[in-house]
Amino acid sequence: MDQSQVRPPQEHGGLKKPTRTMQRLTRKVVCVMSAALCLFVARAYSQEAQEETLGGPDSHETGQGPHGHLFGEWGGERTRLLERGVRFDFQYVSDSLWNIKSEQKGRLASWNRFRGTVDIDFGSLIGRQGLYFHATALWQGGGNLGTYLGLLSSPSGMSSANTCRLDSWWIEKRWRNQRISARVGQFAGQDFYGAQHYAASFIFEPMGYALGNLFTTLESFDPPSTPAMEVRVAPKHNLYVKSMVLAAVRSPFSQNPTGLVPQFNGTPVSVSEIGFTPGKKASSVRAFDTVDSRKGYSGLYQFGASYNPGKFTSPTSTTPRSGNYLLYWMASQALWRLDPHEAKGLDATFAYDWSPADINRNNTLFTAGLRFNEPLPVNFHNTMSLGYVRNSLSPQFLPPGMPSWKTEHGVEFNALLDIAPMLLLQPVIQYYANVGGGVQRAVVFGFRTKVEF
């Protein structure tokens, strides 16, 4: 879903000029500090190759191997850093999308993101086994085509608001061969709960990041992450249970705009999930899959719920109601493999969520998709993916005298091409019916570009 429909935009009205100037100056300082942090760590000692800590559009379908970066190995320094426990990553991701058919005039919208990330394994660095640190900052901006077209499902899984900030950071401790873990810091609920396991293989938001209406309970999303803590336990080989508490913020971009000063106001939102992982150890499965994790026949089946005890308004009552919740079911499964030990083959995924129709305007969402790994007979990584999303609006929010809302449908087909070790290209075409719950249709064409520096 287009986050502008449920995620509040930046609030600039009413700010005095000195405050605006200070905010601009602070944002510049954040960018400089983030870059300085990355450079400092790169000059210090570093880490061995670790698991993926980014998800959705930012996850790594490229940039792997000894020649997977535009700037190379820094004369061998990158490898030495990895061996010492520190990984530094800098990437650029862009979605360039054009509405080639719609009620609105054709427009090319480009959304751009630069992200720098540092991951530290203290076991390799100083011998503190099971202790990890993660921090990531970004600059992003551009045109939001979903807002322009009035879509419920955003054509880009990245577009939200222009910002330059520290996105997230956390300290994590793992015990008993990673079967028990806990983390605390500043991170987004939607990066781990309700997140699409095959997100890197799609571009429109309900499948390219997380279910688009999760913000109905104010579950945080990136980049405006909020203070949070999480505990994850894998009591069985193929079973895990995890739970998270995070700070709910109704206007996340205007509160703590730099990401440097955590805000502990608002209501605490709790999110929990139970997952079944046939074909994989539950302790090794993460929210987003990777190229390596696709090998063999494996799956991920999830049930989760989020709850916010705060006050919410209802169209049927003038009295605010206490409490709001959302339930979701998700499944991702390898259906066929040419070689049962490799990744080439067909995968399937679906997801459904529900929340009370008397509190939430966009109260149900359904997604389904197929992915073919390595369909082309070429010597670089490639996938082809077909996705479908259905967005429904609650009739209780329908203004008097207006025609009934229709269910919005969206279909996407894309091909992911890792055409160079540090460059990814992902052309896409999308079709939308009943745009925004109306009767209009739209066709979007474009591509995603990713460069690993």
Quiz item: Under the Karplus relation 6.51 cos²θ - 1.76 cosθ + 1.60, θ = phi - 60°, what is the ordered set of whole-Hz ³J(HN,Hα) values for region 292-304, x standing for Gly and Pro?
Solution: 5, 6, 7, 5, x, 8, 9, x, 9, 10, 10, 10, x
Quiz item: Whose amide H sits under 5 Å from the amide H of A210, counting only residues 5 or more places off or on another chain, with H placed in the peptide plane?
Solution: Q196
Exercise. Step through the table entries K236/K280; K281/K450; K101/K450; K242/K280, compare each Cα-Cα distance with 23 Å, and write down the pairs that go over it.
Key: K281/K450; K101/K450
Quiz item: For the peptides 176-184, 132-140, 271-279, what is the packing order when you average, over each peptide's residues, the other Cβ atoms within 10 Å and list the highest mean first?
Solution: 132-140, 271-279, 176-184
Practice problem: Describe numerically, in nm with one decimal, the distance between label points set 7 Å from Cα along Cα→Cβ at E103 and at T449. | Solution: 3.3
Quiz item: Kirkwood hydrodynamic radius of region 88-191 from all distinct Cα pairs, in Å?
Solution: 16.3
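Within a Cβ distance under 14 Å of P427, other residues only, what is the Lys/Arg minus Asp/Glu net charge?
Details: positive: R448, K450; negative: D95, E412, D418.
Residues near P427 contribute -1 overall.
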Quiz item: Whole-Hz Karplus ³J(HN,Hα) for region 252-261, in order, using 6.51 cos²θ - 1.76 cosθ + 1.60 and θ = phi - 60°, x for Gly and Pro?
Solution: x, 6, 8, 9, 6, x, 8, x, 8, 10
Practice problem: Identify which of the listed values of Rg and Dmax of the Cα atoms in Å was calculated from the structure shown: (1) 21.3, 69; (2) 22.8, 66; (3) 25.5, 81. | Solution: (1)
Quiz item: What's the FRET efficiency of S284 with Y431 using the Cβ-Cβ distance as r and R₀ = 60 Å, to the nearest 0.05?
Solution: 0.95
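Only the coordinates and a few stated rules stand behind these numbers; no lab work does. From a predicted model like this one, the values you see are computed outputs, not experimental measurements. Here the Cβ is made from the backbone with ideal geometry for all residues, glycine too, and neighbour counts use every protein chain on show.
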